[in-house]
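Working notes, structure below.
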Amino acid sequence: MKFYCFVLFMIVSVLGLSAPVQAGARDQAVGSYTKGKLKNASQLKQSGPGYVLLFPHRDRAYGTDDLIETVETVAEDLAARFPEGERLQVGDTSARQGGFISGHASHQNGLDVDFGYFRMNHQEQEFNWSTLFPDFTALGFDEEFVIGGKLSSNFDLQRNWELFKALVSTTKINRIFVDQVIKASLCTYSRSIDDFSVETLRHLRPWPKHGDHIHVRLLCPASSTNCAQQEPVAAGSGCDELGIE
Ligand SMILES: [Zn+2]
């Protein structure tokens, strides 16, 4: 009996039938942003139309299809509308199979991505050789845009606002973390240009330590049946909570 089982096993193995079905398998965000995994991930290229990866050597540019598509689509859109500007600078997304990565509490299930803010001087961050060494606790964004509680004059209000609107218009965004001074500035700016988009503003969540980068979090894709969705952002722009009517 054992022998027949062995023969059967060999036949199945040779035919490849025992291998798990991988070809065409869908991407899966599993668990939560802070305790999760990622299966059948897509990978962002080192650069593409309108974007550049800041830390490609870290090998943390994996995500769900939705995440990779969103980055590519939004970056290309912004570059087409503002061709004179610098590219969207993309930080970490997730490891190939998700899980904990140093320097981040979340980024575990392929739905989180960090971006640098757009800059008035259109300078891209210089490649920082120190990031080659394993001090990964530093995120490595090289410019702070909130200094002494005030927005830096190098913060490009127009392009950052257009970036946030483009992201939210995909309807795939759960929330976007930014420094509260930045959110307050966008409340005022959007009002001043008669473009006060409650839908965009309500997705911007004020969060400490986000004066040098944007953290974008996508919704669980419908096809990721084991993905734990974070509660939706509250209704309303949230600008009143920051003292801006
Ligand atoms: Zn982040």
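Backbone phi angles across region 178-185, fed through the Karplus curve with coefficients 6.51, -1.76 and 1.60 (θ = phi - 60°), yield HN-Hα couplings of 9, 4, 5, 5, 5, 4, 4, 5 Hz in residue order; Gly and Pro are listed as x. Would you list which lysines come within 18 Å of LYS45, measuring only between C-alpha atoms, while excluding same-chain residues fewer than 8 positions from it? Result set, ordered by chain and number: empty. Taking Cα pairs under 8 Å and at least six residues apart, what relative contact order does region 28-176 come out at, in percent? Contact order relative to length: 25 percent.
Contact order for region 145-213, expressed relative to its length and based on alpha carbon pairs under 8 Å spaced 6+ residues apart, stands at 41 percent.
Taking 7 Å steps out from each Cα toward its Cβ at SER153 and VAL233 produces label points 3.0 nm apart. Between amide H atoms placed 1.01 Å from N, distances below 5 Å from HIS210 occur with ASP179, all of them 5 or more places distant or on a separate chain.
The shape of region 156-206 can be summarised by an equivalent ellipsoid whose semi-axes, obtained from the alpha carbon gyration tensor, come to 16, 12, 9 Å from longest to shortest. Counted residue by residue at 0.36 nm each, then reduced by the alpha carbon distance between them, the extension gain from ARG81 to ALA222 reaches 47.7 nm.
Here region 175-203 and region 150-168 have alpha carbon centers that stand 9 Å from each other. How fast does region 112-245 diffuse by Stokes-Einstein, in µm²/s, taking the Kirkwood radius from C-alpha pairs at 25 °C and 0.890 mPa s? Translational D for this selection: 154 µm²/s.
Can you compute the FRET efficiency between SER47 and SER169 using 1/(1 + (r/R0)^6), with r the Cβ-Cβ distance and R0 = 30 Å? Round to the nearest 0.05. It comes to 0.80.
Taking a point 7 Å from the Cα of THR34 along the Cα-to-Cβ direction, the residues of region 159-186 with backbone N closer than 20 Å to it are 174-180.
Rounded to the nearest 0.05, what FRET efficiency is calculated for GLU241 and ASP195 with R0 set to 25 Å and r the Cβ-Cβ distance?
Efficiency for this residue pair is about 0.80.
Pair-distance distribution P(r) for region 193-245, from all Cα-Cα distances in 10 Å bins starting at 0: 19, 42, 31, 8, 0 percent.
We did not get these values from a lab; they are worked out from the coordinates using the rules stated. Because the structure is predicted, anything quoted here is derived from the model rather than measured. Neighbour counts are summed over all protein chains in view; Cβ atoms, including those assigned to glycine, are modelled from backbone coordinates with ideal geometry.
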